[in-house]
1. Which FRET efficiency, nearest 0.05, do Q121 and C170 yield, Cβ-Cβ r, R0 22 Å?
2. Considering only A101, V189, A126, whose Cα is most displaced toward the positive end of the charge dipole of segment 86-194, charges sitting on Cβ of Lys, Arg (+1) and Asp, Glu (-1)?
3. Pick out which of G151, G44, G110 has the largest mean-square fluctuation in a Gaussian network model of the chain, springs linking Cα atoms closer than 10 Å.
4. Roughly how many nanometres apart are two label points built 7 Å out from the Cα toward the Cβ at E104 and V202?
5. Can you tell me the 0 to 90 degree angle between the C-alpha axis of helix 69-80 and the longest principal axis of the chain, rounded to 10?
6. Counting every Cα pair in segment 15-75, what percent are over 16 Å apart?
7. Run the helix sum for the chain: -39,500 (n - 2.57) per DSSP H stretch of 4+ residues, divided by residue count, reported at 222 nm to the nearest 500 deg cm²/dmol.
8. What percent of all Cα-Cα pairs in segment 68-226 falls in each 10 Å bin, counting up from 0?
Amino acid sequence: MATDNRGIPIPTIKRFPSYLRLLKGYRDEGMEMVSATMLADELGLKPIQVRKDISCTGIEGKPKVGFTVVKLIDAIVHTLGWDNATDAVLIGAGHLGSALARYEGFESYGLKIVAAFDIDQQKWGAKLGEVPVYPLSHLQQYLEENHVNIGVLAVPAVQAQEVAEKLVACGILAIWNFAPKDLKLPPRVVVQRTDLATSFAVLSAKVKRKMAKEDLLEEDDEWEIT
């Protein structure tokens with residue numbers, strides 16, 4: 001099973017945000033303690049899996065009582081590294097890039113987009129929310145002066161590889177790729193691709209299966225009526 005550099009399984013890391021969403025809701029409702037069983041029931045998991053995931057944070061619960069909600073939130077946030085905001089630059093100030101720059105939720109995840117870059121001179125000097133837009137030609141100087149390690153890529157597929165290579169040449173260590181393009185970069189560069197088309201394909205397939213199942217149920221009902 002794939003793990004991160006601390007030995008935490010990647011599937012566990014992917015489940016942590018779901019735990020956080022529930023825990024923050026419980027906290028806002030005034031709940032002080034939560035059990036692994038409660039979290040498991042909400043997320044469709046097995047309690048033993050939830051307990052294994054939580055053990056990766058180093059926090060310990062109380063037998064027959066559970067975990068302190070606030071402490072568990074802090075432990076997961078710290079494990080994910082979201083307690084220290086990480087600066088990132090955005091490449092591409094189009095519709096998708098603009099939406100990403102304006103999304104305030106990133107900071108709660110420990111990510112702060114501090115600057116955007118684009119080749120369209122009509123966008124230079126503008127702001128995407130609070131994020132200033134600069135010419136792409138200024139990227140290297142900005143990174144040298146501000147020591148940013150993460151790049152968010154929101155450019156067309158035909159430009160993605162070239163821009164990604166430019167980011168790497170400027171010292172970027174990790175790229176969050178929203179472009180519909182698989183990047184070929186040195187192994188030392190961490191790349192996480194978010195493929196909207198793939199996500200929609202999965203959604204579409206699930207909808208079709210659900211509709212097919214409902215059609216079968218309707219046919220069964222018709223047979224029962226006759």
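No value in this document is a laboratory result; all are computed from the given coordinates. In this text the structure is predicted, and so the values were computed from the model without any measurement. Glycine gets a Cβ as well: all are built from the backbone with ideal geometry, and neighbour counts include every protein chain shown.
1. Numbers: r = 20 Å, r/R0 = 0.93.
About 0.60, to the nearest 0.05.
2. The residue sitting most towards the positive pole is V189.
3. Of G151, G44, G110, the Gaussian network model singles out G44 as fluctuating most.
4. Output for this residue pair reads 2.9 nm.
5. 40 degrees
6. Working: 605 of 1830 pairs.
So the pairs more than 16 Å apart make up 33 percent of the total in segment 15-75.
7. On the way: 8 runs with 107 residues, N = 226.
Computed mean residue ellipticity for the chain: -15000 deg cm²/dmol.
8. With 10 Å bins starting at 0, P(r) equals 10, 31, 27, 14, 9, 6, 3, 0.
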